[in-house]
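Here's the structure, in structure tokens; my notes come after.
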Amino acid sequence: MQRLQDRVAVITGAAGGIGMATARRFAEEGAKLVLADLDEEAGRRAAEEVGGIFVKANVAEEDDVIRMFQTAYDEFGSVDIAFNNAGISPADDDSILTTGLDAWRRVQEVNLTSVYLCCKHVLPYMQRQGKGSIINTASFVAVMGSATSQISYTASKGGVLAMTRELGVQFAREGIRVNALCPGPVDTPLLRELFAKDPERAQRRLVHVPLGRFARAEEIAAAVAFLASDDASFVTAAEFLVDGGISGAYVTPL
Ligand SMILES: NC(=O)c1ccc[n+]([C@@H]2O[C@H](COP(=O)([O-])OP(=O)(O)OC[C@H]3O[C@@H](n4cnc5c(N)ncnc54)[C@H](O)[C@@H]3O)[C@@H](O)[C@H]2O)c1
């Protein structure tokens, strides 16, 4: 499929699991890519692989965000798709009882303020074009509570979800779609290592997933490509869950 032929896409957190898988999928579908990440080495490698441009950017810094979209426009002449995906979930973000203000603020800056900045600075390009698709990465924890809390992460993703809904409504008549992607847990190397060490802990989490496994990053990327493309022309302000059924389950099959 070449649904994104010659569309210009900016992906943040592009050196990571979901970002990189999406960059590969977008490239397969014909998009022109600008990949942004804090990690210069991995980011450059990723851009080389998919034939895109790398921009080193901290998405929590307004000047970096402005430069990132300006680079895309200068290189390719439009900005059609923004996948605002960079995010962190550090270990010192835990129960509200033990999470300090520093950890709280760091996670809010990287996960929520960054999405505010990215939307704020990509919207003017899309308004001038009269079209565009923005996909902001939230999480299934934006719609469900967890007893093993990461309080600032959860609050930040709830913020991403509410902000996305509002932008989707505000800019709908200008031809700009804004959707929140809510992935369930993804099978990352880190998660695999953790669960190989502790199979009981893995089972305690997997019992909640009707599909009985975690997502592959490519499965999340396929959903992003759909939202980015004209196949999703009537989808906006959506809470787009790609979670293996977690949020729909009361009891899961064995
Ligand atoms: N992996 C999961 O299970 C899961 C589930 C739900 C939602 N998510 C969300 O999906 C998104 C991507 O997750 P992932 O699993 O690919 O994570 P990842 O850690 O593999 O990748 C994240 C990337 O973001 C980059 N990054 C971090 N801070 C940055 C900053 N300030 N500026 C620019 N780049 C920065 C990192 O260098 C990294 O390359 C995140 O927003 C995450 O919260 C992940």
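The values are calculated or read from the model by the stated rules, or taken from the named source; none is laboratory data. A quick note: this is a predicted structure, and the numbers were derived from the prediction, not measured. All Cβ positions, even for glycine, are placed from backbone atoms using ideal geometry, and neighbour counts span all protein chains on display.
Restricting to region 51-72, name every residue that is touching a helix residue (DSSP H, G or I) at 6+ places or on another chain (Cβ under 6 Å), assigned to a helix (DSSP H, G or I) and surrounded by fewer than 19 Cβ atoms within 10 Å (Cβ to Cβ).
Glu62, Ile66
Restricting region 210-219 to residues that are at pLDDT below 95 and within 22 Å of the chain's Cα centre (by Cα), which is farthest from Gly184 (Cα to Cα)?
Arg213
To keep it simple, each residue is scored yes or no on (1) assigned to a helix (DSSP H, G or I); (2) away from the ligand (no atom under 12 Å from the Cβ); (3) touching a residue at least 24 places away in the same chain (Cβ under 8 Å); (4) β-branched (Val, Ile, Thr).
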position: Gln5; (1), (2), (3), (4): no, yes, yes, no
position: Ala46; (1), (2), (3), (4): yes, no, yes, no
position: Ala86; (1), (2), (3), (4): no, no, yes, no
position: Ser114; (1), (2), (3), (4): yes, no, yes, no
position: Leu117; (1), (2), (3), (4): yes, no, yes, no
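Of the numbered conditions (1) in contact with an Asp or Glu (Cβ under 7 Å, 6 or more places away or on another chain); (2) in a loop (DSSP other than H, G, I, E, B); (3) hydrophobic (A, V, I, L, M, F, W, C), Val251 fails exactly one; give the number of that condition.
(1)
Select from region 88-103 the residues that are within 16 Å of the ligand (Cβ to nearest atom) and not polar (S, T, N, Q) and list them in ascending order.
Once the filter is applied, which keeps residues that are within 16 Å of the ligand (Cβ to nearest atom) and not polar (S, T, N, Q), region 88-103 yields Ile88, Pro90, Ala91, Asp92, Asp93, Asp94, Asp102, Ala103.
Looking only at residues that are more than 10 Å from the ligand (Cβ to nearest atom), part of a helix (DSSP H, G or I) and among the charged types (D, E, K, R) in region 139-177, which one is surrounded by the fewest Cβ atoms within 10 Å (Cβ to Cβ)?
Residue satisfying both the conditions and the ranking: Arg173.
Every residue in region 120-138 that is crowded, with 22+ Cβ neighbours inside 10 Å, within 14 Å of Val10 (Cα to Cα) and not β-branched (Val, Ile, Thr), please.
Met126, Gly132, Ser133, Asn136
Between Ala14, Ala21, which is touching a Phe, Trp or Tyr at 6+ places or on another chain (Cβ under 9 Å), within 22 Å of Ser229 (Cβ to Cβ) and either in a loop (DSSP other than H, G, I, E, B) or within 13 Å of the ligand (Cβ to nearest atom) (or both)?
The conditions single out Ala14.
Going through region 74-87 one residue at a time, which ones are crowded, with 17+ Cβ neighbours inside 10 Å and not acidic (Asp, Glu)?
Hits for region 74-87 are Phe76, Ser78, Val79, Ile81, Ala82, Phe83, Asn84, Asn85, Ala86, Gly87.
Which condition from (1) of a type outside the set (Asp, Glu); (2) in contact with a Leu (Cβ under 8 Å, 6 or more places away or on another chain); (3) without any contact (Cβ under 8 Å) to a residue 40 or more places away in the chain is the one that Ala91 breaks?
Every condition holds for Ala91 apart from (2).
Which of the residues belonging to region 119-135 are within 20 Å of Ser156 (Cβ to Cβ) and not in a strand (DSSP E or B)?
Listed by number, the residues that qualify are Cys119, Lys120, His121, Val122.
Residues in region 178-194: is at least one touching a strand residue (DSSP E or B) at 6+ places or on another chain (Cβ under 6 Å), farther than 27 Å from Ser95 by Cβ and not aromatic (Phe, Trp, Tyr)?
Yes, that holds for at least one residue.
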